[in-house]
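Working notes, structure below.
The values are calculated or read from the model by the stated rules, or taken from the named source; none is laboratory data. No experiment lies behind these values; they were computed from the predicted model shown. Here Cβ is always computed from backbone atoms with ideal geometry, including for glycine, and neighbour counts include all displayed protein chains. Each accessible area value is taken on the protein alone, full model and side chains, heavy atoms only, with ligands, DNA and RNA left out. Shrake-Rupley method; radii C 1.70, N 1.55, O 1.52, S 1.80 Å.
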Amino acid sequence: MKLGKLASTGLAALALATMIGCTADPKQGDSKAAFVGSEKCGSCHIEEYRTWKGTLHAKMIRTPQEALLKDAGDNWAKDSKGNAGPTKGNIDGKAAAMSDVVFVVGSHWKQRYLVKNPASGNHQFMDKQWNTVHKQWEPYGQKNDWETQCATCHATGYRLTSYDQANPATQKVSMSEHNTGCESCHGPGSTHAQSLGKVKLFNPAKATKEESSLVCGYCHVRKENYQFKTAQNHPREDQPHPVVGETYKAGQDDWRKWYPDKMLIPGVLPGQPVSKNYPNTDLNNAFFTDDKAQKWNSHDARKHHEEYQEFVQSSHYQKGVLSCSDCHSPHAVKGKAAIEPMKTCAGCHGNTYDPAKIMPGLGSTAGNLFVRTHTFNKNQDRPGGPTATGMPEPAHYYQK
């Protein structure tokens with residue numbers, strides 16, 4: 001795809017990108033701090049760590065021994081509907097078995113499987129995903145290394161350690177831990193830990209509504225990146241820090257300003273409205289743009305991980321009434337349980353609105369399985385599809 005400036009390459013462009021948009025407000029956290037890992041945080045913040053461990057943020061990427069779903073393992077060759085299970089890696093096309101799986105990704109809506117990609121030393125997806133609600137195998141065609149396509153949001157402290165725009169296949173990456181850990185939302189914690197809490201971390205609950213939601217929006221957004229490519233030389237779907245060797249720091253970095261002329265983020269960046277379509281990109285048919293959406297001036301997502309782009313359209317966001325963390329909590333705190341999202345509407349609106357009706361499942365995440373919309377449109381009347389709301393804790397193939 002060519003989008004004028006978006007298609008330009010070269011070291012000069014990279015150098016420019018490294019000089020813009022990286023803020024370090026000391027009130028929002030220590031810019032010199034390093035990542036220490038969630039386990040270190042948990043040594044003092046016991047209740048927060050314990051309850052975070054039970055969330056989906058802590059269960060994004062795990063070993064098969066930890067998290068392979070029992071239904072998937074039992075039906076690895078073929079499901080009850082006759083659909084064949086995973087048989088090969090998506091990038092090299094080589095045969096791969098369940099015993100070759102190094103990591104599993106997800107467990108709530110779907111589960112995907114990573115095997116080694118010998119050519120790069122990274123990991124590639126297999127050709128099928130498991131639909132957890134409908135208990136069936138579905139085709140999955142992602143043909144990019146996990147480390148250079150998805151890991152900024154599936155890991156904490158992610159950074160590019162080397163990058164050659166002329167040869168993305170040679171790029172190297174590192175991360176402090178798998179999964180969305182404490183420091184993904186609070187920033188790196190070394191000086192906080194060393195000072196026994198005297199050096200404060202960024203706290204989304206005490207930030208402005210915009211600042212708080214911006215942290216969630218870094219991952220809960222659909223974007224296409226032309227500044228950095230995958231190891232397979234395709235536009236990335238995530239957003240590494242503009243400075244090679246640096247990582248995103250919550251509360252300090254405004255990712256909207258990093259390299260805006262090299263990003264496609266409809267609804268977030270100027271000149272990229274959600275009211276139009278973007279053919280030949282990952283944002284093709286990403287939002288409803290029909291007459292109903294134009295009339296409402298409310299464009300619900302048609303794909304998953306677009307919650308931030310929906311939320312910023314809402315009066316909740318635009319009037320500064322709510323942030324993401326007012327309705328979602330990634331952990332409990334001492335003396336206060338974690339928030340139950342579907343019960344929060346009643347706190348302000350009583351019985352005026354039915355959350356299931358205001359938030360139907362419209363964003364496709366797997367076959368006939370959908371994520372709830374976050375536009376909070378009071379006129380909402382689109383019929384929603386099945387969601388994963390209320391799914392019980394899954395059983396695992398390797399019983400603990």
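Quick notes
- Residues satisfying the stated conditions in the stretch 166-216, i.e. touching a helix residue (DSSP H, G or I) at 6+ places or on another chain (Cβ under 6 Å) and either among the hydroxyl-bearing types (Ser, Thr, Tyr) or not in a helix (DSSP H, G or I) (or both): Val173, Asn179, Thr180, Gly181, Gly189, Val199, Leu201, Phe202, Ser212, Ser213
- Search result, residues across the stretch 179-200 that are free of Cβ contacts under 8 Å to residues at least 12 places away in the same chain and either buried (at least 24 other Cβ atoms within 10 Å of the Cβ) or farther than 14 Å from Lys40 by Cα (or both): Lys198
- Extreme residue, farthest from Lys59 (Cα to Cα), among residues of the stretch 316-336 that are hydroxyl-bearing (Ser, Thr, Tyr) and at pLDDT 95 or above: Tyr317
- Hey, Lys249 within 19 Å of the chain's Cα centre (by Cα), in a loop (DSSP other than H, G, I, E, B) and closer than 28 Å to His331 by Cα or not: yes
- Applying the set (1) in a loop (DSSP other than H, G, I, E, B); (2) touching a Pro at 6+ places or on another chain (Cβ under 6 Å); (3) surrounded by fewer than 17 Cβ atoms within 10 Å (Cβ to Cβ) to Leu283 leaves exactly one unmet item: (3).
One line per residue, one yes/no per condition, for (1) outside any loop (DSSP other than H, G, I, E, B); (2) buried (at least 20 other Cβ atoms within 10 Å of the Cβ); (3) of a type in the set (Asp, Glu); (4) touching a Pro at 6+ places or on another chain (Cβ under 7 Å):
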| site | (1), (2), (3), (4) |
| --- | --- |
| Gln65 | yes, no, no, no |
| Ser80 | no, no, no, no |
| Pro86 | no, yes, no, no |
| Asp92 | no, no, yes, no |
| His108 | no, no, no, no |
| Gln111 | yes, yes, no, no |
| Leu114 | yes, yes, no, no |
| Phe125 | yes, yes, no, no |
| Trp130 | yes, yes, no, no |
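- Pairs with Cβ under 7 Å, 6+ apart, first in the stretch 278-291 and touching a residue at least 12 places away in the same chain (Cβ under 8 Å) and at positive phi, second in a loop (DSSP other than H, G, I, E, B) and open to solvent by less than 40 Å² (accessible area, probe 1.4 Å): none
- Of the residues His241, His220, the single one that is more than 19 Å from Thr55 (Cβ to Cβ) and assigned to a loop (DSSP other than H, G, I, E, B) is His241.
- Reported count of residues in the stretch 287-311, each being in contact with an Asp or Glu (Cβ under 6 Å, 6 or more places away or on another chain) and aliphatic (A, V, I, L, M), is 1.
- Trp146, sole failed condition from (1) in contact with an Asp or Glu (Cβ under 8 Å, 6 or more places away or on another chain); (2) buried (at least 21 other Cβ atoms within 10 Å of the Cβ): (1)
- Number of positions in the stretch 240-255 that are more than 21 Å from Gln149 (Cβ to Cβ) and open to solvent by 10 Å² or more (accessible area, probe 1.4 Å): 3
- Scanning the stretch 215-233 turns up one or more residues that are open to solvent by less than 20 Å² (accessible area, probe 1.4 Å), among the aliphatic types (A, V, I, L, M), under 15 Å from Leu283 (Cβ atoms) and at pLDDT 95 or above.
- Where helices (runs of 4 or more DSSP H) fall entirely within the stretch 306-400, those with at least 1 residues that are touching a residue at least 60 places away in the same chain (Cβ under 8 Å) and either surrounded by fewer than 21 Cβ atoms within 10 Å (Cβ to Cβ) or of a type in the set (Asp, Glu) (or both) are at 307-311, 315-318, 324-327.
- Checklist (1) outside any loop (DSSP other than H, G, I, E, B); (2) open to solvent by less than 80 Å² (accessible area, probe 1.4 Å); (3) at pLDDT below 75 applied to Leu16, failing item: (2)
- If the condition is being in contact with a Phe, Trp or Tyr (Cβ under 6 Å, 6 or more places away or on another chain) and either modelled with pLDDT under 95 or more than 17 Å from Cys345 (Cβ to Cβ) (or both), then the stretch 303-315 contributes no residue at all.
- Number of the condition not met by Ser99 [criteria: (1) more than 18 Å from the chain's Cα centre (by Cα); (2) farther than 25 Å from Tyr398 by Cβ]: (2)
- Pairs with Cβ under 9 Å, 6+ apart, first in the stretch 222-237 and under 20 Å from Arg302 (Cβ atoms), second β-branched (Val, Ile, Thr) and surrounded by fewer than 23 Cβ atoms within 10 Å (Cβ to Cβ): Arg222/Ile265; Lys223/Ile265; Lys223/Val268; Glu224/Ile265; Glu224/Thr281; Pro235/Thr281
- Filtering the stretch 149-162 to residues that are of a type outside the set (Gly, Ala, Ser) and either open to solvent by less than 20 Å² (accessible area, probe 1.4 Å) or under 21 Å from His57 (Cβ atoms) (or both) leaves Gln149, Cys150, Thr152, Cys153, His154, Thr156, Tyr158, Arg159, Leu160.
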